[in-house]
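Participant: Pasting a structure below so you can have a look.
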Amino acid sequence: MTSAKHFATATFMGLSSLCAAGAVNAQSSLTITPMAEELEAPWGIAPMPGGGLLVTEKAGRLIYQKDGARHEVSGLPEVAVVGQGGLLDITLAEDFAQSRLLFLTYAKPQEGGGAGTALASARLSEDTRSLENLTELFAMKPGSNGGQHFGSRVVEAPDGTLLVTIGERGDRPAAQDRSTHNGSIIRVNRDGSVPDDNPFVDMPDVLPEIWSYGHRNPQGAGLDLEGRLWVSEHGAKGGDEVNRITKGTNYGWPVISYGEHYSGAKIGEGTSREGMAQPEFYWDPSIAPAGLVVYSGAQFPEWKGDIFVGSLKFDYIARLSGDPLEEVQQIKTAETARVRDVVEGPEGAIWFISEGNGTVYRMTP
């Protein structure tokens, strides 16, 4: 694992390129088009093959929009809308054009109170108005009261398994406790079963769905061009991270961190410990990183393999590139107010959610 790369965030007016020779002058070469407006706390987007898009609203609505017309999609699971929890991510299956299958993450109400991150699959009806065959694939154990740190993104890996990011729900020590799902990335099959090659299968007192652990609150996730998972996750006061996820790895929270508690107190033991992975990149001060995509280069060949991460705090999209990883550009416009999600559409455009504007945008050359 490479050592952490530190970049202290600066705030810029307009669009800026940082330390990148030949970087695109985004101000003159980008077109940013609103695709869905007047949304309430939009959280996840799924541009669809053939046009149209699906977008989740945290309060528990799934919206379909195409060519200026929209409607609400029925058939959702029961959702706990509490704090940061609600209806969260949406991802289309790789074979969506044939199967119409999609995956949702959400905060699920639990018996006796509280909520936990859950994953479901469903089929979008031919008329796009309802979800069919809704199936819960996973629900975190044990869940808890409070509204913090649900994660949560879902990514379909090249082998067809599903990877879901889960925050530690505000219970810091639980991120090191593998008898809970708190602060982990879990991996399940499309039917919700546990893959035989998960790292902790058949280990006593360890939940078999866990793929990696020691995470605080990963709210961005995407595959690179080699099919490897990358996540962006919130630190405390400083120490927001970008991590490349590997099987069975401990990412250190709350034992190590490049940030500090909001009180100013030190976190854990410092910035490193044997057996705990270093981030590929971190921010200090925090930018509140949300959605993440690793770009294919389809419409912007010069950005092939670069990582794009939305900032909720500083209202921009970070472009990261190189080895070691560096933040080489900040895309900052009136449209990038609280960027909640960033994805690549079927045609190679970069789509993003501005939670601040209640709008989904498409970015093209």
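The values are calculated or read from the model by the stated rules, or taken from the named source; none is laboratory data. Bear in mind the structure is a predicted one, so any value in this text is a computation, not a measurement. Cβ sites come from the backbone with ideal geometry, for glycine too, and all protein chains shown count toward neighbours. Side chains included, ligands, DNA and RNA excluded: accessible areas come from the protein's heavy atoms. Shrake-Rupley method; radii C 1.70, N 1.55, O 1.52, S 1.80 Å.
Conditions tested, residue by residue: (1) among the aliphatic types (A, V, I, L, M); (2) touching an Asp or Glu at 6+ places or on another chain (Cβ under 9 Å).
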| site | (1), (2) |
| --- | --- |
| Ser184 | no, yes |
| Val201 | yes, no |
| Pro218 | no, yes |
| Arg228 | no, no |
| Arg244 | no, yes |
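Participant: Within the bounds of the range 177-184, is there any residue that is touching a residue at least 60 places away in the same chain (Cβ under 8 Å) and surrounded by 21 or more Cβ atoms within 10 Å (Cβ to Cβ)?
Facilitator: yes
Participant: Within the range 194-240, which residues are open to solvent by 20 Å² or more (accessible area, probe 1.4 Å), outside any loop (DSSP other than H, G, I, E, B) and either in contact with a helix residue (DSSP H, G or I) (Cβ under 6 Å, 6 or more places away or on another chain) or under 30 Å from Gly264 (Cα atoms) (or both)?
Facilitator: Across the range 194-240, the qualifying residues are Tyr213, Trp230, Lys237.
Participant: Among the candidates Gly151, Gly183, Gly146, which residue alone is of a type in the set (Gly, Ala, Ser) and over 20 Å from the mean Cα position of the chain (by Cα)?
Facilitator: Only one candidate qualifies: Gly146.
Participant: For the range 332-349: of the residues being in contact (Cβ under 8 Å) with a residue 40 or more places away in the chain and hydrophobic (A, V, I, L, M, F, W, C), which is most open to solvent (accessible area, probe 1.4 Å)?
Facilitator: Among those residues, the one meeting the criterion is Val343.
Participant: Is it the case, given these coordinates, that Lys108 is assigned to a strand (DSSP E or B) and either polar (S, T, N, Q) or open to solvent by 50 Å² or more (accessible area, probe 1.4 Å) (or both)?
Facilitator: Answer is yes for this residue.
Participant: Same structure again: Looking at the range 78-102, I want the residues that are open to solvent by 40 Å² or more (accessible area, probe 1.4 Å) and have a partner that is aromatic (Phe, Trp, Tyr) with Cβ atoms under 8 Å, at least 6 apart or on another chain. Which pairs are those?
Facilitator: Final answer for the pair search is Gln84/Phe150.
Participant: Output the qualifying pairs, or none if there are none: Cβ atoms under 7 angstrom, residues six or more apart or on different chains, first residue in the range 191-205 and farther than 18 Å from Val164 by Cβ, second residue surrounded by 12 or more Cβ atoms within 10 Å (Cβ to Cβ).
Facilitator: Asp205/Ser179
Participant: Next question. Does Phe352 meet the test of being in contact (Cβ under 8 Å) with a residue 12 or more places away in the chain and more than 15 Å from the chain's Cα centre (by Cα)?
Facilitator: Against the criterion (in contact (Cβ under 8 Å) with a residue 12 or more places away in the chain and more than 15 Å from the chain's Cα centre (by Cα)), Phe352 does not qualify.
Participant: Which condition number does Gln148 fail, the rest of (1) assigned to a loop (DSSP other than H, G, I, E, B); (2) in contact with a Phe, Trp or Tyr (Cβ under 7 Å, 6 or more places away or on another chain); (3) surrounded by fewer than 23 Cβ atoms within 10 Å (Cβ to Cβ) being met?
Facilitator: (2)
Participant: Does Gly160 count as more than 14 Å from Gly248 (Cβ to Cβ) and of a type in the set (Gly, Ala, Ser)?
Facilitator: Here the answer is yes, as Gly160 does meet what is asked.
Participant: Does Thr128 satisfy the criteria of being polar (S, T, N, Q), assigned to a strand (DSSP E or B) and either open to solvent by less than 10 Å² (accessible area, probe 1.4 Å) or in contact (Cβ under 8 Å) with a residue 40 or more places away in the chain (or both)?
Facilitator: no
The rows are residues; the columns are (1) closer than 16 Å to Gly222 by Cβ; (2) of a type in the set (Asp, Glu).
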{"site": "Asp323", "(1), (2)": "no, yes"}
{"site": "Val328", "(1), (2)": "no, no"}
{"site": "Ile331", "(1), (2)": "no, no"}
{"site": "Pro346", "(1), (2)": "yes, no"}
{"site": "Ile350", "(1), (2)": "yes, no"}
{"site": "Ile353", "(1), (2)": "yes, no"}
{"site": "Pro365", "(1), (2)": "no, no"}
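Participant: Hey, can you tell me all the residues within the range 241-253 that are under 15 Å from Tyr282 (Cβ atoms) and assigned to a loop (DSSP other than H, G, I, E, B)?
Facilitator: Result: Tyr251, Gly252, Trp253.
Participant: What about Asn243, is it polar (S, T, N, Q) and either in contact with a Lys or Arg (Cβ under 9 Å, 6 or more places away or on another chain) or open to solvent by 10 Å² or more (accessible area, probe 1.4 Å) (or both)?
Facilitator: Against the criterion (polar (S, T, N, Q) and either in contact with a Lys or Arg (Cβ under 9 Å, 6 or more places away or on another chain) or open to solvent by 10 Å² or more (accessible area, probe 1.4 Å) (or both)), Asn243 does not qualify.
Participant: Quick test for you: out of Gly322, Gly248, Gly252, pick the one residue that is small (Gly, Ala, Ser), over 14 Å from Val231 (Cα atoms) and open to solvent by less than 10 Å² (accessible area, probe 1.4 Å).
Facilitator: Gly252
Participant: Restricting to the range 278-293, count the residues that are open to solvent by 10 Å² or more (accessible area, probe 1.4 Å) and either under 20 Å from Val154 (Cα atoms) or not hydroxyl-bearing (Ser, Thr, Tyr) (or both).
Facilitator: Counting residues in the range 278-293 that are open to solvent by 10 Å² or more (accessible area, probe 1.4 Å) and either under 20 Å from Val154 (Cα atoms) or not hydroxyl-bearing (Ser, Thr, Tyr) (or both) gives 6.
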